[in-house]
Every structure is written in structure tokens, then in C-alpha cells.
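The values are calculated or read from the model by the stated rules, or taken from the named source; none is laboratory data. Everything numeric in this text was worked out from a predicted model, so none of it was measured. Counting neighbours? That spans all protein chains shown, and the Cβs are built from the backbone with ideal geometry, glycine included. Note: accessible area is taken over every heavy atom of the protein model, side chains too, but ligands, DNA and RNA are not part of it. Shrake-Rupley method; radii C 1.70, N 1.55, O 1.52, S 1.80 Å.
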Amino acid sequence: AAVRLAGPEGEEVGAAGDAVIGADGVFSRVRAHMQHGLRADLHQEFLEWGYKELTIPAADDGSPRTRLEALHVWPGEDALIVAHPNRDNSLTGTLFLPFERFGEITDPEAFLAGRFPDTRELMPYLAKEYAEHPVGHLVSIRTSPWHHRDRVALIGDACHAVYPFYGQGMNSALEDCTVLDRCLGDHPDDLEAAFAAYQRLRKPHTDVLDELSKQNFVELRDRLRSPLHLARKKADLLLARLFPGRWVPLYTMVSHTTIPYADALARARRQDALLRG
């Protein structure tokens, strides 16, 4: 297989190999060329919300302004902030809003202070960063096929981009690599069979991850404010402590184990049925 690529100076360069592996992201050019003229399915969905990245800087003495060993979530019906720690004791706070709201807000400090009062002290550069930082899009991709004969195969966002609300985009791409490597080992003399096996093994699980990521957006935005939902979450964690290894919360299975996503969801549904009982 041969491919034309852009070199470091923008010049076109050529490369040849046994096959092309398309790892070029959500708007993959490899995918577009591979599927051109084929009976291919492509579902591209933009979330109606966008995001801006804001900063919770370290304090003047270099210490963190808030705990670093936790995921910080500010839930709200019309706004959501999720903050992740950085190595310099700062945190990156991602502000999610309905896309059109970003252009309507003229005083971001007042807007957030009315919903999340503690952001006033945590984000001293809020107004400046809100004005300067671009609005990001959130997009998911489902497509088929993932390969064309023995010439091309796709991995990562090129074939299954997901919303970021489970934090599994990179992990799922790395899992693609391990499964593809195993399939190549199982079919050392037949690339087409290896690529077909790879898609058959992975696609059901990445389709489930897409659904889980969409559901977790709703959970972060809405359900974390529900006392009943929080009580069920606490019961889930209590059972996990009482029965280690036998009862595992869905988030733990998805984020901290290598249990395939569809298998994790099936197990979580069985546990949830018991918990409701």
C-alpha cells in the first residue's frame, strides 16, 4: 500500500508498506479516502454543547487552591464545569455550555458566580481566559467498515470518536492497538482476515463506549444533583467495599480495568437490577 503525506515543510512525500493504518483522528482523511465509493456507514454527531478551557492556578505560594486527588464537578442545568489536576498544582477547568450561550454571555464572572460561587476565588483569570480561549466542539463518530481488504485499517478516533465524559478516548485507541496486534499474530499471512477479526472484536465495545460517554454527560450535568442518585452511588461503593472483586461499580470497570466495555455494561446492569431490588 502507498500513501502520500505532508512533510515537515508542507511538501508532499510518499511512503509505502504492506498496509496503511489510519490513526488520523475524528476527521480522518484516511477514512474518507478508504470509504470513497464504498457502501460505508458514517454517523457523525455534534453535541449541542461546546466547551472552553479555563485555569484554576496554583496559589501564590505554589500550593494547590483545592484538592488535587479528586475529579471536581460543578453540575448545573445550563452549565457544567469539570476540573482535572495538573502536575504544577493547577487544575484545568473545562466549562461546558450550550453552544450558542458562549456568544451571549457578556459577563462570565457574574454568570458563573451566580451558579458556582466558589469559581470567583478559584479562577482569578476567568474573564481574560473566557475572552481569549476558543470554543471547542464535541463530536462522536461511528462508522463501518473499519478496513478495506488487506490494504487499509482504522484505529482510534478515526473509527470511533466519543465525547470526553468518560475519559476513555485515548485508552480505547490504545486497546485498539493491543487487539489489532493480537489479530495480526493470529493471522500472520492474511492481513484481510486480521483486519476483519479486529473490527469484529472491537466495534461492539466501542459502540457501547459511545453510549456510555453520552450517558455520563447527562449524569455529570443532571443526576449528580439528585439525592436518590447519590444514595444509589453510595450504596454501589459500599457494596464494592463489602464484596471486593464480586461487586464492581461500572465506572471502576470502565476506567480502572481492562474489562471490555460491553462486558462491563452487562455486568453493571445485572448489579443495578440487584441494587434496585
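Estimated at the nearest 10 Å², the accessible area of Asp18 is 130 Å² with a 1.4 Å probe.
Dipole size of the chain about its Cα centre, with +1 on Lys/Arg Cβ and -1 on Asp/Glu Cβ: approximately 1320 debye, rounded to the nearest 20.
A simple charge model with +1 on the Cβ of Lys and Arg, -1 on the Cβ of Asp and Glu and nothing else charged puts the dipole of region 189-265 at about 720 debye relative to its Cα centre. Let me check I have the definition right: for region 238-277, take the eigenvalues of the Cα gyration tensor, multiply each by 5, take square roots. What are those semi-axes in whole Å, largest first? They are 16, 13, 7 Å, listed largest first. Which of the three applies to region 1-147, rounded, prolate or oblate, going by the alpha-carbon gyration tensor with a ≥ b ≥ c and a/c under 1.5 meaning rounded? Judged from the Cα gyration tensor, region 1-147 comes out prolate (a/c at least 1.5, a/b above b/c). Can you compute the charge dipole magnitude of region 149-199 about its Cα centre, using +1 on each Lys and Arg Cβ and -1 on each Asp and Glu Cβ, nothing else charged? Give it in debye, rounded to the nearest 20. It comes to approximately 180 debye. Accessible surface computed residue by residue for region 78-160, with neighbouring protein chains in place and a 1.4 Å probe, gives 47 Å² per residue.
State which stretch of the chain is the longest one without any exposed chymotrypsin sites (Phe, Trp or Tyr not before Pro), exposure meaning a DSSP loop state and at most 15 other Cβ atoms within 10 Å.
Details: sites that count: Phe27, Tyr125.
Value returned for the longest uninterrupted segment is 126-277.
Computing Kirkwood radius over Cα pairs in Å directly from the structure and comparing it against (1) 19.6; (2) 21.4; (3) 18.6 singles out (2).
Hey, which aspartates and glutamates would be in cross-link range of Lys128, C-alpha to C-alpha under 19 Å, not counting anything within fewer than 8 residues on its own chain? Within the straight-line cut-off, Lys128 pairs with Glu53, Asp60, Glu104, Asp107, Glu109, Asp118. Converting phi to 3J(HN,Hα) with the Karplus coefficients 6.51, -1.76 and 1.60 and the offset θ = phi - 60°, region 235-251 yields 5, 4, 5, 5, 5, 5, 6, 6, 10, x, x, 9, 10, 10, x, 4, 4 Hz in sequence order, with x at every glycine or proline. Solvent exposure of Ile81, expressed as accessible area, is near 0 Å², computed with a probe of 1.4 Å over the protein chains only. Of the heavy-atom accessible surface of the chain (probe 1.4 angstrom), what whole percent is carbon and sulfur? It is 53 percent, rounded to a whole number. Taking all Cα pairs closer than 8 Å and separated by 6 or more residues, the relative contact order of region 125-277 comes to 19 percent.
State the Cα centre-to-centre distance between region 148-203 and region 35-89 in whole Å. Measuring centre to centre over Cα atoms gives 26 Å. Cross-link partners of Lys214 among lysines, defined as those whose alpha carbon lies under 23 angstrom from its own and excluding same-chain residues fewer than eight positions apart: Lys52, Lys203, Lys233, Lys234.
Explain nothing, just the number: relative contact order of the chain, from Cα pairs under 8 Å at least 6 residues apart, as a whole percent. Relative contact order for the chain comes out at 18 percent.
Extension gain, Glu45 to Thr257: 0.36 nm times the residue separation minus the Cα-Cα distance gives 73.5 nm.
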